[in-house]
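Let me begin by presenting the structure, written as C-alpha cells, before commenting on it.
Taken together, the values in this text are just the output of simple stated rules run on the coordinates, not laboratory data. Computed from a predicted structure; not experimentally measured. Ideal geometry is used to build each Cβ from the backbone, glycine not excepted, and the neighbour counts take in all protein chains shown.
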Amino acid sequence: MTNPSSPRKIIIDTDPGQDDAVAILLALGSPEDVEVLGVTAVAGNVPLALTQKNARIVCELAGKPETKVFAGCEAPISRKLVTAEHVHGKTGLDGPVMPDPEMELSEGHAVDFIIETLRSNDAGTVTLCPLGPLTNIAVAFQKAPDIIERVQEIVLMGGAYFEVGNITPAAEFNIYVDPEAADIVFKSGVPITVMPLDVTHKALTTKPRVDAFRNLGTKPGVMVAEWTDFFERFDKEKYGSQGAPLHDPCVIAYLIKPELFKGRHINVEIETGSELTLGMTVADWWGVTDRKPNAMFMGDIDADGFFELLTERIARL
Ligand code: RIB
Ligand code: CA
C-alpha cells in the first residue's frame with residue numbers, strides 16, 4: 001500500500017459509467033490512501049447532464065454527500081460528442097434503479113475548479129485521475145498553462161496497444177471521443193501513467209468476483225454487483241470474455257497499490273489526423289523510434305490482488 005505518510009490529493013475527472021462509479025467508490029472507501037478534493041464530470045459515456053448526476057448518485061451511495069461534484073465540458077474540444085449508451089445503458093448507470101441524488105451540484109465549472117485547486121495547493125501535490133475523455137483536463141491546460149507544471153501526476157484510463165480499439169478497430173473510447181484533448185495532455189510534459197485496455201481487459205468481473213461484491217450484503221456491494229451484471233453483457237458478447245473489464249478502478253487501485261501493475265515508460269502519441277485510426281494511442285512499446293518517452297504505459301495486473309483490494313475497500317462503505 002502507498003500511504004507513505006499522508007493520503008494523496010486527487011481530483012477524479014469522470015463520465016459515470018458503471019466502471020467509473022466503482023472507481024469513485026474505491027477512492028471514497030480509501031481515505032488513508034487518497035483524499036478526493038473533488039469530482040469533475042465530463043461528457044463521455046453519456047451526456048454531461050447524466051454524468052454529473054451519476055457522479056452525485058455514487059458519492060451519496062458511498063455515504064459522502066459532502067464530496068464536491070462539478071459539471072465540466074459537455075462536448076469535446078472540436079468534435080461532436082460520441083456516447084456509449086450501447087455499453088452503459090440510457091442513464092449511464094443502468095442495472096439497478098437508483099433514486100435521483102439529493103446532494104447539490106457544486107457551483108462553478110469543473111475546469112475552473114481544476115485550475116483553482118492546482119493553484120491553491122502546493123505544486124506537485126495534486127494528482128489528476130481522468131476516467132473519461134480528456135476534455136476538462138485539456139481545456140484547463142489551455143485556459144491556465146501555469147497549472148501544468150503544478151500537477152504531481154496524471155493517472156488515466158485510456159488507450160490501447162496490443163488490445164487495439166474498443167470503439168473503432170484502432171481506438172479506445174476515452175481517447176477516441178476527444179483525440180485533440182488527449183494530444184494536449186500527452187504532449188503537456190506532466191508525468192503520465194496510463195491504464196490502457198491492455199491492462200483493464202485483464203481485470204475481468206468473473207462470477208466469483210461479482211459474488212464477492214454481492215455477498216458483502218451492503219448497499220454499495222449489491223449495487224456494484226448489479227452494475228456489473230448489466231455492464232458485462234456488452235463485453236461478454238463482443239469478446240466472449242468471462243465477465244466485463246473493470247477499466248476505471250485500475251486508476252485508483254494504482255494510487256493505493258502500484259505494485260499490482262507492471263508497465264514500461266515509453267513514448268505514446270495520439271492520432272488526430274487520419275479518420276481511419278483517429279484516437280489511436282501509438283505506443284512505442286518496442287522502442288523502435290527515438291521519440292522521447294512520455295508515459296508509463298501499463299501492460300499487466302495482478303487481477304486477484306486488484307479484486308481483493310476492491311472488495312475490501314467497498315466493504316467499508
Ligand atoms: O474504454 C473504456 C473507457 O470508456 C472507460 O473509462 C469507460 O467508462 C468509458 O469511459
Ligand atoms: Ca469512464
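Checking the table LYS202/LYS292; LYS187/LYS236; LYS143/LYS187; LYS80/LYS143; LYS9/LYS64; LYS238/LYS292 against a 24 Å threshold on Cα-Cα, which pairs fail? Please report the intermediate quantities before stating the final value.
Working: LYS202/LYS292 28 Å; LYS187/LYS236 35 Å; LYS143/LYS187 16 Å; LYS80/LYS143 21 Å; LYS9/LYS64 16 Å; LYS238/LYS292 35 Å.
Going by Cα-Cα distance, LYS202/LYS292; LYS187/LYS236; LYS238/LYS292 fall outside the 24 Å limit.
Counting Lys and Arg as +1 and Asp and Glu as -1, what is the net charge of the other residues whose Cβ lies under 13 Å from the Cβ of ASP198?
Neighbourhood net charge equals 0.
So, in nm, how far is label HIS265 from label ASP122 when the simple model puts each one 7 Å beyond its Cα toward the Cβ?
Output for this residue pair reads 2.3 nm.
Non-local amide H neighbours of THR193 (under 5 Å, H modeled in plane, Pro and chain starts lacking H): which ones?
Those qualifying (amide H under 5 Å, at least 5 residues apart or on another chain) are ILE154, VAL155, LEU156, MET296.
Does the stretch 43-94 classify as rounded, prolate or oblate by the C-alpha gyration tensor (a ≥ b ≥ c root eigenvalues; a/c under 1.5 gives rounded; else a/b over b/c gives prolate, otherwise oblate)?
On the way: a/c = 4.09, a/b = 1.51, b/c = 2.71.
Verdict is oblate for the stretch 43-94.
Per-residue counts of other Cβ atoms within 10 Å, averaged by peptide: what ranking do you get for 149-162, 293-306, 32-45, 127-140, highest first?
Numbers: 149-162: 22.4, 293-306: 18.6, 32-45: 24.6, 127-140: 28.7.
By packing density, highest mean first, the sequence is 127-140, 32-45, 149-162, 293-306.
Residue-wise, which Karplus ³J(HN,Hα) couplings in Hz belong to the stretch 150-157, taking 6.51 cos²θ - 1.76 cosθ + 1.60, θ = phi - 60°, and x for glycine or proline?
Working through the residues one at a time gives 8, 6, 5, 6, 10, 10, 10, 9 Hz.
For TRP227, TRP285, what ranking results if the residue with the fewest other Cβ atoms within 10 Å of its Cβ goes first? All intermediate terms of the calculation are to be shown ahead of the outcome.
On the way: TRP227 29, TRP285 15.
Listed from fewest to most nearby Cβ atoms, that is TRP285, TRP227.
Summing +1 for each Lys or Arg and -1 for each Asp or Glu, what net charge is found among the other residues whose Cβ lies under 14 Å from the Cβ of ALA43? Please report the intermediate quantities before stating the final value.
Working: positive: LYS53, ARG79, LYS80; negative: ASP13, ASP15, ASP20, GLU74, GLU85, ASP178.
In short, -3.
Once you sort the root eigenvalues of the Cα gyration tensor of the stretch 63-135 as a ≥ b ≥ c, which label holds: rounded (a/c under 1.5), prolate (a/b larger than b/c) or oblate (the other case)? The partial results should precede the final answer.
Details: a/c = 2.18, a/b = 1.34, b/c = 1.62.
In terms of gyration-tensor shape, oblate.
Hey, how much of the P(r) for the stretch 1-158 falls beyond 29 Å, as a percent of Cα pairs? Display every interim value, and only then the final one.
Working: 1557 of 12403 pairs.
Considering the stretch 1-158, 13 percent of its Cα-Cα pairs are separated by more than 29 Å.
Can you give the convex hull volume per residue for the Cα atoms of the stretch 242-295, as a whole number of Å³?
Details: hull volume 8.1 nm³, N = 54.
That works out to 150 Å³ per residue.
Taking the Cα centre of each part, how many Å lie between the stretch 93-119 and the stretch 6-58?
What the calculation gives is 8 Å, centre to centre.
HN-Hα J couplings of the stretch 81-86 from phi, Karplus 6.51/-1.76/1.60, θ = phi - 60°, integer Hz, Gly and Pro as x?
Taking θ as phi minus 60°, the curve returns 5, 10, 10, 9, 4, 5 Hz for the stretch 81-86.
Sort 96-103, 18-25, 240-247 by the packing proxy (mean of other Cβ within 10 Å over each peptide's residues), most packed first. Write down the numbers at each step before the final one.
Numbers: 96-103: 12.8, 18-25: 28.9, 240-247: 19.8.
Highest-to-lowest ranking by the protection proxy: 18-25, 240-247, 96-103.
Taking the alpha-carbon centroid of each part, what is the distance from the stretch 239-281 to the stretch 132-178 in angstrom?
10
Can you check what the net charge comes to around SER188, using other residues whose Cβ is under 14 Å from the Cβ of SER188 (Lys, Arg +1; Asp, Glu -1)? Intermediate results must be reported in sequence, preceding the final value.
Details: positive: LYS143, ARG150, LYS187, LYS292; negative: ASP146, GLU149, GLU153, GLU180, ASP183, GLU269.
Net local charge, SER188 excluded: -2.
Which order do TYR254, TYR239 fall in if you start with the one that has the fewest other Cβ atoms within 10 Å? Working shown, then result.
Working: TYR254 24, TYR239 15.
Fewest to most other Cβ atoms nearby, the residues stand as TYR239, TYR254.
Rounded, prolate or oblate for the stretch 182-232? Axes are the square roots of the Cα gyration tensor eigenvalues, ordered a ≥ b ≥ c, and the cut-off for rounded is a/c under 1.5. Mind showing how you got there, number by number?
Details: a/c = 3.45, a/b = 2.62, b/c = 1.32.
Verdict is prolate for the stretch 182-232.
Can you pull a Stokes-Einstein diffusion coefficient for the stretch 90-216 at 25 °C (0.890 mPa s), Rh from Kirkwood over Cα pairs, as a whole number of µm²/s? Write down the numbers at each step before the final one.
Values: Rh = 16.8 Å.
Stokes-Einstein gives a translational diffusion coefficient of 146 µm²/s.
Return the sequence-ordered ³J(HN,Hα) values of the stretch 298-310 in whole Hz as given by the Karplus equation 6.51 cos²θ - 1.76 cosθ + 1.60 applied to θ = phi - 60°, using x for Gly and Pro.
In residue order, the calculated couplings are 7, x, 9, 9, 8, 4, 5, x, 4, 5, 4, 4, 4 Hz.
Once you have all Cα-Cα distances for the chain, histogram them in 20 Å bins from zero and send the whole-percent values.
37, 60, 3
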